[in-house]
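Below is one structure, written out as structure tokens; comments come after it.
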Amino acid sequence: MRPWLPGLLLPLLLLCALPAVAQDAVEGTPVSELAPAQAPDAVVPEAGRVEAEIRAGEEDDERIAAAVTARLVRHPDLQQVTVAVNAGSVTLGGEVLEDADRERAANLANQVDGVAEVVNEIELSAALAPRINSALQQVQARLVRLVAAIPLLVVAIAIIWLSVLFGRALAHRPMGWLRRHRDNPYLEALVRRLVQALVVILGLVLALNLLGATALVGAVLGSAGVIGLVVGFAFRDIAENYMAGILLSLRRPFAPDDHLVVDKYEGKVIALTSRATLLMTLDGNQLSLPNSLVFKSVVLNYSANARRRFDFVLPIDPAQSIRDAREMGLAAIARVEGVLADPAPSCVVDGYNTKGLDLRYYGWIDQRRNDLGKTRSEALRAVKAVFGAAGVHGPETVRYHREETGPVAIPPLPQEPCGDTSVNTDIDEQLAAAQRAHDEDNLASPETDPKPLPEPPPPR
């Protein structure tokens, strides 16, 4: 080995060992002996604050747990609930008998100051004996409350019963007032029902208030509104007929016994009910028309005016004298019983063609005394008899022959016995019976008794 090599290696070894020796010296030196620039001033205060916050959080959790537990133990049904609190988050465990107890425990825990959230892990108890005991206790408590409320229940029932009687008695006063001011039977019935319903509703509210169930009134009214809306859509036709019956009764376009033509239906009025208009056809059949149809249709009332006109056509040969035929026919019609002198009978030429002239005769009757069909038939027979006696004939294919009903002299005009022209009473007895059957719900007339049957005509 060369002599200068050891001298070179020794300085190199010292240089390599110097950093390690300096590091050991620094780590082994106490903090207090370090220079001010090397002392970790920021580390010590932060660690102390964290430890203080942890201790404060633990104390707050203990306070929350104690407060929640104190609230729960006050309720016998919640004494089996466990409470665990971590950083303000409350976890509820254990078992209860009812689902309502789970909600109550969570609400009680939320009421404690400082609770951040509530985790409800309470389970319903599946034990048979506690659940049976709970059900029996509930039934017993309800029976006790029911027995205690019997006097109040009796008083409430008495209030409702008295309200029904009072409403029924009070409903008669508006009916008399309406009869003096407006002769409308339906309006009387409507006011009577409204007054009675208002009194009964007032008594029901008082009874519920006495029983402490006023909240039930709002629920019932709300449900009634919804149910009424649904029923209105479901039974729209029924509601429409009912409203049409109200309007028909207020307007009163007809009365019982009136002879009507509604749309394509014809008959005499039996009654107007809340849902239908009852007619009796001239064949004696009962016809029920919906009020909405009657209200929206064109109604022809033959009985609104006592006077009614009839007409018929007789053809004559074009070679005959129109003036003579007209005068003879009018004179014959005027002699028919039931034909009014004012307005007097009239005649017009209704048509002309190669086969003949059509003479249309008109006459008026009083429907209260004579029947239109019978009078028209007698007038037609009388004119035909006059034409036959006077030699007035129709077209080539039509000949008027004299009827062997009495002596005829021309001139003067033939004096023939007149047939029956009295009011037709074929269906009057059936009509009166049907009206008596609907006396209670008839809204079309203020009369309570049906009209008497007309007397039969005297024999000729």
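Values for this structure:
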{"item": "Val262, sole failed condition from (1) under 25 Å from Glu429 (Cβ atoms); (2) aliphatic (A, V, I, L, M); (3) modelled with pLDDT under 90", "result": "(3)"}
{"item": "Residues being touching a residue at least 40 places away in the same chain (Cβ under 8 Å), assigned to a strand (DSSP E or B) and either closer than 18 Å to Leu190 by Cβ or β-branched (Val, Ile, Thr) (or both) - total across the range 253-276", "result": "5"}
{"item": "Top-ranked residue in the range 374-419 [being hydrophobic (A, V, I, L, M, F, W, C) and at pLDDT below 55; ranked as nearest to Met328 (Cα to Cα)]", "result": "Leu413"}
{"item": "Residue among Arg102, Arg142, Arg168 that alone is assigned by TED's automatic domain parsing to the domain that holds Val199 and either touching a His at 6+ places or on another chain (Cβ under 6 Å) or not hydrophobic (A, V, I, L, M, F, W, C) (or both)", "result": "Arg168"}
{"item": "Qualifying residue in the range 135-148 (condition: out of contact with any helix residue (DSSP H, G or I) (no Cβ under 7 Å at 6 or more places or on another chain), farther than 14 Å from Arg71 by Cβ and surrounded by 13 or more Cβ atoms within 10 Å (Cβ to Cβ))", "result": "no"}
{"item": "Residue within the range 424-439 that is in a helix (DSSP H, G or I), at pLDDT 85 or above and not hydroxyl-bearing (Ser, Thr, Tyr) present", "result": "no"}
{"item": "Flag for Met280 being of a type in the set (A, V, I, L, M, F, W, C) and touching a strand residue (DSSP E or B) at 6+ places or on another chain (Cβ under 9 Å)", "result": "yes"}
{"item": "Tally, over the range 354-372, of residues that are of a type outside the set (S, T, N, Q), farther than 17 Å from Ala331 by Cβ and free of Cβ contacts under 8 Å to residues at least 60 places away in the same chain", "result": "7"}
{"item": "When residues of the range 340-384 are limited to those that are in a strand (DSSP E or B) and polar (S, T, N, Q), the one nearest to Asn301 (Cα to Cα)", "result": "Asn370"}
{"item": "Lone qualifier among Leu250, Leu194 - being more than 30 Å from Gln367 (Cβ to Cβ), modelled with pLDDT of 70 or more and in a helix (DSSP H, G or I)", "result": "Leu194"}
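The values are calculated or read from the model by the stated rules, or taken from the named source; none is laboratory data. Here the structure is a predicted model, which is why all the values come from computation and not from measurement. Because the Cβ atoms are built from the backbone with ideal geometry, glycine has one as well, and the counts that use them run over all protein chains shown.
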